[in-house]
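Below is one structure, written out as structure tokens; comments come after it.
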Amino acid sequence: MFFSRFAPVLCVLIFAVGSAMAQDAQAILDATAKVYTETQAYSVQVDRRMLQIAFAPNQAGVDARYDVSSSQFSRMQIKVRRPLGYWLSVQSAGQGAPMVPSRDVMGEMRMIGGGASSTILARTENGQAKRGSYQAGKFTVQDIPEHVFNSMSGSLLGLRSADDVVLRHFNPQSALGGNMALGLVEPDLIGREAINGRRIYRIVAKTSGGSPVMVWIDQESSQVVRSIVQRPAGGAGQASRYVSVTETLYNYQQMNPSFSSSDFVLTASVPLERLVPEQMGFIPVADLVKLADIAPAAGAGTVAGAPANEPPAAPVATTPPPAAPAAPDAKAAEGQALSYEQMSGIVLIEGDGGTATGFITKIRDVDFVVTNLHVLGGNKKMIIKTLRGDEIPMLGVFGAAGSDIAIIRISKGQGELKLAEDVLKTSKIGDKVVVVGNRQGGGVATQVAGSIVGVGPTRVEVNANFEPGNSGSPIVNLGTGEVVGVASYSETRQVSVEEHTGQPAARTRAAPTPVAVEKRWFGYRLDSVAKWEAIDLAKWNSQEERIGKFTEMSEALVAVLRLDFNKARQHPRLSSLITSFETRMRSTSGTGVSSATEVKDLFRVIRTISEDGVNDLKNGDYYDYYRTCLYWESSIPAQLEYRKAIIEVLKKYEANSAGYLSRMRGGS
């Protein structure tokens, strides 16, 4: 079970190995290239992240570390009709924009304004190539020569740097794009996966220039859904420690959609949108580095030889501030820190909703398994096993009011894990701790060492780098042998040098404020629980499902506000409504009054739908966890606040249907 309360989840289930490894990777790439080469019309949204990562040389006893020294994000809306119809809208945000500290799971700098840009290029077989852009706050359109169009579009698509394995097939300089392969050599099929219900091939290869590439290909459609390309970067003498990484997501791909010439004509402006990377589907940089085995070229100290399965430590800022103690990894504790009797109390939790940890202890002289409440979610067939493999029957489940702690009644306990009766009395900041549990869901109990760095009324903070699978693990004070907390969640955010040191960082136009990534680990205190409530697991999962459906509807409504009807119609309640609306819009023949009326009616109905379910979530009989927890995904107050903001926007759109209609016609 993943415990981070902000991190986006990359839902990947490996469903086949062995025979899949024997697949011909080159045949898969050839079939994919054929799909794109033979496509006469193409529409796609491409989200791209370009990072430059600097690796710090290894030092004695210190693991390899990295720093995201620059970042650029872009979102491209692309329409192509061969041989010459072409429309490309690019919005980007780069490192030059002001940075602010934020609770950001991306492991990189987050943009809040400035430094953003928007460019639109268009060309038809019978028309002049044009460019749209923002100048002095106004959107302007100008004619451009054919060679300028080719140069700009090629640069924006990343064709020259070989960062894109798909868009090269729609190179505007070529009538058909040529019978090109994906431009990859030495391919190797490393597995098949299921991602959000889609069966995916994952292939590693190299570009013709020798740069490592990882590409994900949909088995059914042979479409590329994601790619990661890495290349050496930096100036002379620096290439060995700098790596340029480009991650590309291909969303809402349509093969051979019905386009007309009017689809490629610039007739209205596209508003400048602030890009928020953590909402664009990218995984945290730390996960990216680990997934793609990103490392500098040989010669940068001993970084290149660092084990690929070890997560990198926190990044080092370009101008390092006085650092907090680094989070020790699992090897920091030499040997087993807990006794045999204590280890006997560790249990592994498995279920259809994921894996986690628990531990056996006594509460008021009654035997319980302790874990997190969020572990219960989605685990309808939860199984608890000791390290000997014995399955433990569950006699009853209880949840702590105001905390993410669950206790499961069992008939007979074992082990000697004792709870601290008062953490403030028996523990202090700096005390050594270990966290023992099902780290990364490996099915074995491992330990992570660290120390206490903070104590609060309901939680303790440690610098032990626990990971997914450690949810519910005991945090044991090595000095007292007592459990001081239950490993629950982590936070990752960006901090500036100024925030670290209290001193303003030196700033130049060429160098933005240096930043570092700060990660924190928290556990809930059992000694702070004042009230327990009995939990019926069927009712618990039903409530979680209702909250999940409410969130899904909110996301679908936001897609409507953004004119992303393809995404919105994926929700069953909106699908027929949007299809009917589009049919009526076509029948109005573009008449201003009739079209505006249709838009107003659409938002009136959608607003009614958006208000549906609010009373259920507001007044329903939900467990305390869903009303008080800190995690956005499960928090009823957070979900209601989010829906409230959506409803307010819907009201404005309903009142100004003509304005929304203008946005629709402008494609914005």
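The values are calculated or read from the model by the stated rules, or taken from the named source; none is laboratory data. Just so you know, these numbers come straight off a predicted model, no measurement behind them. Every residue, glycine as well, gets a Cβ built from its backbone with ideal geometry; the counts of neighbours run over all protein chains shown. Remember, those area values only see protein heavy atoms, side chains included, never the ligands or the DNA or RNA. Shrake-Rupley method; radii C 1.70, N 1.55, O 1.52, S 1.80 Å.
Structure notes:
- Among the conditions (1) touching a Cys at 6+ places or on another chain (Cβ under 9 Å); (2) not in a loop (DSSP other than H, G, I, E, B); (3) not hydrophobic (A, V, I, L, M, F, W, C), K425 misses just one, which is (1).
- Filter result for A64 (within 23 Å of K290 (Cα to Cα), modelled with pLDDT of 65 or more, crowded, with 17+ Cβ neighbours inside 10 Å and over 22 Å from the mean Cα position of the chain (by Cα)): no
- Once the range 1-35 is narrowed to residues that are of a type outside the set (A, V, I, L, M, F, W, C), under 28 Å from the mean Cα position of the chain (by Cα) and at pLDDT below 90, the residue that is farthest from I203 (Cα to Cα) is R5.
- Cβ separations smaller than 9 Å between residues 6+ apart or across chains give the following pairs from the range 410-424 residues that are of a type in the set (S, T, Y) to residues that are open to solvent by less than 100 Å² (accessible area, probe 1.4 Å) and not in a loop (DSSP other than H, G, I, E, B): S411/D367.
- Residue in the range 429-437 that is within 35 Å of the chain's Cα centre (by Cα), without any contact (Cβ under 8 Å) to a residue 60 or more places away in the chain, open to solvent by 60 Å² or more (accessible area, probe 1.4 Å) and closer than 26 Å to C629 by Cα present: yes
- Number of positions in the range 351-371 that are free of Cβ contacts under 8 Å to residues at least 40 places away in the same chain and part of a strand (DSSP E or B): 1
- Within the range 598-622, considering residues that are part of a loop (DSSP other than H, G, I, E, B) and acidic (D, E), the one most open to solvent (accessible area, probe 1.4 Å): D621
- Of residues in the range 438-459 being open to solvent by 10 Å² or more (accessible area, probe 1.4 Å) and in a loop (DSSP other than H, G, I, E, B), the one modelled with the lowest pLDDT: G442
- Qualifying residue in the range 623-637 (condition: over 24 Å from the mean Cα position of the chain (by Cα), farther than 23 Å from S403 by Cβ, open to solvent by 80 Å² or more (accessible area, probe 1.4 Å) and not hydroxyl-bearing (S, T, Y)): no
- Verdict on S222 being modelled with pLDDT of 90 or more, surrounded by 15 or more Cβ atoms within 10 Å (Cβ to Cβ) and in a loop (DSSP other than H, G, I, E, B): yes
- With respect to (1) closer than 24 Å to V148 by Cβ; (2) at pLDDT below 70, the lone exception for Q95 is condition (1).
- Meets criteria (surrounded by fewer than 17 Cβ atoms within 10 Å (Cβ to Cβ), at pLDDT below 85 and out of contact with any His (no Cβ under 7 Å at 6 or more places or on another chain)) for S576: no
- Residue within the range 372-392 that is part of a strand (DSSP E or B) and open to solvent by less than 40 Å² (accessible area, probe 1.4 Å) present: yes
- Pairs with Cβ under 8 Å, 6+ apart, first in the range 134-163 and over 19 Å from V229 (Cβ atoms), second at pLDDT below 75 and aliphatic (A, V, I, L, M): Y134/L272; F139/V270
- Q59 surrounded by fewer than 21 Cβ atoms within 10 Å (Cβ to Cβ), modelled with pLDDT of 70 or more and not aliphatic (A, V, I, L, M): no
- Check on Q336, farther than 15 Å from K412 by Cα, modelled with pLDDT of 90 or more and not in a strand (DSSP E or B): no
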